[in-house]
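Handing you a structure now.
Quick note: the coordinates plus some simple rules give every number you see, no bench work behind them. Every value quoted in this text rests on a predicted model; they were computed, and no experiment measured them. Heads up, the Cβs are rebuilt from the backbone with ideal geometry, glycines too, and the neighbour counts pull from every protein chain shown.
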Amino acid sequence: MASQKLKKAAHAALKDYMGLDEDELLLVVSDEHRSEIGYALFEAGKKISTEAFYIEMKTREFHGQEPPDIVADMMKMVDVVIAPTTMSLTHTRARRQASQVGVRIGTMPGITVDTLVRCMSAEPDRIQNLTEKVSRILNNTSIVRIETKAGTDITFPMKNRTILSSTGILKNIGDAGNIPSGEVYFAPWEGKSNGVIVIDGSIASIGKLAEPVIVEVVDGYAKKISGEGEEAQILAKILKKAGDDGRAIAECGIGTNYKAEICGEILEDEKVLGTVHVAFGNNISMGGNIDVPIHIDGIITKPTIYVDDDPIMINGKFVFDY
């Protein structure tokens, strides 16, 4: 039976962040490793909405892998979908098609009870205000450069690329994003990013890192992946599954959630205030052109972020008030 804290967090996710109404249909999509949270959301949903449905599928092998066709079809037949799953459905065709017909979708890849309870206690307005401020800055930017004392030094050309804000507040028709959330992200221009990325926080599908992973990027692709630990080899193998475009630079994002902590699950890790994340693989969902069945994020801690040579963050601290 779900704890009172989990019940409260599940209710907040559906009511405060997704705006679930009593006249709407809810579908909870989960898997065998996230069933505790999935069922807590189902129970909360039954008390709020006209009808709630719960479906449990086999755990996907990697982030971005499509759900079964029957799940994809059901996602298009309701008003709201919330998906506490082990692997992310965010960058799938099923999610995009459901969004196109107006379904509101909250994805929760790798969600844990601790993450849900901790992050649902955040003040939504506080996260929203910072997220929108960072988004406004990036909307007028041509090039983002990331540096860290650990060795990251990379540029992301992104002039006129769509800037996306994710606050976790999904109350409008067709809204889609992570819950919990708090990030601003974009797809850099394909084939134009160059430099070195030192991932020292965590990596999706791998978890918290014992040793940094070094990625050398040439013309928008990870040409070399190295590191003293086994994590570098694991990352290389994961990306190889999707072919050459699995190594493409797909995304650069900035965390804006003050409650989030690096815990080894990318859902929360990429939202941590004072971090940057870089993803490889699919970026169709964010205005890019790379369509492969994989999307893998890596977290960079304590970054210095330059927008057109002006710093907006130094060693993980924004230079402005918020």
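Give, rounded to the nearest 20 debye, the magnitude of the charge dipole that the chain has about its Cα centre when Lys and Arg contribute +1 at Cβ and Asp and Glu contribute -1 at Cβ. Could you put the intermediate results ahead of the total?
Values: 35 positive and 46 negative charges, 36 e Å.
Using Cβ point charges on Lys, Arg, Asp and Glu, the chain gives about 180 debye.
Another one. Report ³J(HN,Hα) in whole Hz for each residue of the range 195-203, in order, from the Karplus equation J = 6.51 cos²θ - 1.76 cosθ + 1.60 where θ = phi - 60°; Gly and Pro get x.
x, 10, 10, 10, 7, 10, x, 7, 9
Test of understanding: ordering 88, 285 by Cβ neighbours within 10 Å, fewest first, what list do you get? Mind dumping the intermediate values first?
Numbers: 88 26, 285 21.
Ranked by crowding around the Cβ, least crowded first: 285, 88.
Provide 96, 247, 161 in ascending order of the number of other Cβ atoms located within 10 Å of each residue's Cβ, fewest first. Display every interim value, and only then the final one.
Working: 96 14, 247 25, 161 21.
If I rank by nearby Cβ atoms, fewest first, I get 96, 161, 247.
Taking H placed 1.01 Å from N in the peptide plane, check which residues at least 5 places from residue 313 or on another chain put their amide H under 5 Å from its amide H.
The list, which skips near neighbours in sequence, is 305, 319.
A further question on this structure: Taking H placed 1.01 Å from N in the peptide plane, check which residues at least 5 places from residue 27 or on another chain put their amide H under 5 Å from its amide H.
So residue 27 has HN proximity to 53, 80, 81, 82.
Arrange 256, 86, 107 by Cβ neighbour counts within 10 Å, fewest through most, would you? If you can, show how the numbers build up before the last one.
Numbers: 256 30, 86 19, 107 24.
Fewest-to-most Cβ neighbours within 10 Å comes out as 86, 107, 256.
What number, in percent, do you get for the relative contact order of the range 222-282 if the mean sequence gap of Cα pairs under 8 Å and at least 6 apart is divided by its residue count? Write out the running numbers ahead of the final one.
On the way: 85 pairs, mean separation 20.1, N = 61.
Result for the range 222-282 is 33 percent.
May I pose another question? Rounded, prolate or oblate for the range 31-98? Axes are the square roots of the Cα gyration tensor eigenvalues, ordered a ≥ b ≥ c, and the cut-off for rounded is a/c under 1.5.
Values: a/c = 2.23, a/b = 1.31, b/c = 1.70.
Verdict is oblate for the range 31-98.
Once you keep just the Cα pairs under 8 angstrom separated by 6 or more residues, what percentage relative contact order results for the chain? Please report the intermediate quantities before stating the final value.
Details: 855 pairs, mean separation 50.3, N = 322.
After rounding, I find 16 percent.
Antiparallel DSSP bridges in the chain: what percent, to the nearest 5?
Numbers: 50 of 68 bridges.
Expressed as a percentage, antiparallel bridges in the chain total about 75.
At 222 nm, what helix-only mean residue ellipticity would the chain give, in deg cm²/dmol to the nearest 500, using -39500 (n - 2.57) for each DSSP H run of four or more?
Working: 8 runs with 74 residues, N = 322.
Per the formula, -6500 deg cm²/dmol.
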